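Take a look at the structure below.
Laboratory data are not the source of any read-out in this text; all were calculated from the coordinates shown. Please read these numbers as outputs of a predicted model, since none were measured by experiment. Every residue, glycine among them, receives a Cβ derived from its backbone with ideal geometry; neighbour counts consider all protein chains shown.
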């Protein structure tokens, strides 16, 4: 259901508030550029510092602008299971096509706790769910065996695998087969993970290069492996530059350089350091983005 290049879209702010004009323009640009899906309120969308009202508005606004042209998969995860259920229920009512649920952070649940958390959400809300494993952010790694157990839940259909391990992605695919779609959670691992069976990526880079990320995935899926490898290395400097500092600091700065949004973000995220900003600007110029 969810394959291809799905953009983990930023949440643009202006004077401390959601900049709906800029956000709407970003969404339209993504769709006209061939992006396969929009993922609001993820890590890149600064979900951690959105109020509940803002979170609900970002999701609803995304659905309003997209108008069914591509899937909308809303980030609805939380380290409170009840809160994750509430956010997922709202997203369903807003008309999303699916929800992306990060593993509970800070709590550091056991594998059984992770299983019970996702099972509870799946039983409470009848909506396609995408698991999101990113131990570098959450402090817990959801093991392939746990993911395989969760495929018994009818609505759990995919995982965004952000462990950084192609070996772990391989084990998930081996255990789950066609029961689960694996999506890369690291832009630089899009091609390697697709080589072992992933069906696409939930991507930061598509915020800047939506057509190019869609083309990379489409080219690989069309069987043109050498062409896809060339594209991977063309994009690689941007993959690296967008993680000079904590995501989404660099991608917001890059979009600001392109004149698409303000470079505003919320504490504890702060403006990019001058040295890294200059490095990012050089990469952006070399890529023809500014």
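Only bridges with both residues in the chain count here: give the DSSP antiparallel percent, nearest 5. Percentage antiparallel, nearest 5: 5. Within region 168-212, name every residue whose backbone N is under 11 Å away from a label modeled 7 Å from Cα of residue 282 along the Cβ vector. In region 168-212, the label zone of residue 282 (backbone N under 11 Å from the point 7 Å along Cα→Cβ) covers no residue.
Determine the shape class of region 138-256: with a ≥ b ≥ c the square roots of the Cα gyration tensor eigenvalues, call it rounded for a/c under 1.5, and otherwise prolate if a/b is greater than b/c, oblate otherwise. Cα axes put region 138-256 in the oblate bin. The peptide list 188-196, 253-261, put in order of mean Cβ contacts within 10 Å with the highest first, becomes 188-196, 253-261. If you bin all the Cα-Cα distances of region 190-290 at 10 Å, starting from zero, the percentages per bin are 15, 45, 28, 12, 1.
In the chain, the ratio of gyration radius to Kirkwood radius, Rg to Rh, stands at 0.94 when only Cα atoms are counted. Here the gap between residue 262 and residue 175, fully extended at 0.36 nm per residue and compared with their Cα-Cα distance, gives a gain of 26.9 nm. The ranking of 153, 176, 270, 41 by Cβ neighbour count inside 10 Å, starting from the fewest, reads 270, 153, 176, 41. Adding -39500 (n - 2.57) for every DSSP H run of four residues or longer, then dividing by how many residues the chain holds, sets the calculated 222 nm ellipticity at -14000 deg cm²/dmol. Placing one equal scatterer on every Cα of region 152-208 and applying the Debye formula, the log10 ratio I(q)/I(0) at q = 0.16, 0.27, 0.28 Å⁻¹ is -0.43, -1.06, -1.12.
Region 241-279 to region 93-109: how many Å between their Cα centroids? The distance from the Cα centre of region 241-279 to that of region 93-109 comes to 25 Å.
A Förster radius of 30 Å combined with the Cβ-Cβ distance from residue 145 to residue 222 puts the calculated FRET efficiency at roughly 0.35. Here the peptides 207-220, 81-94 are ranked by packing, the mean other Cβ count within 10 Å, and the order with the highest first is 207-220, 81-94.
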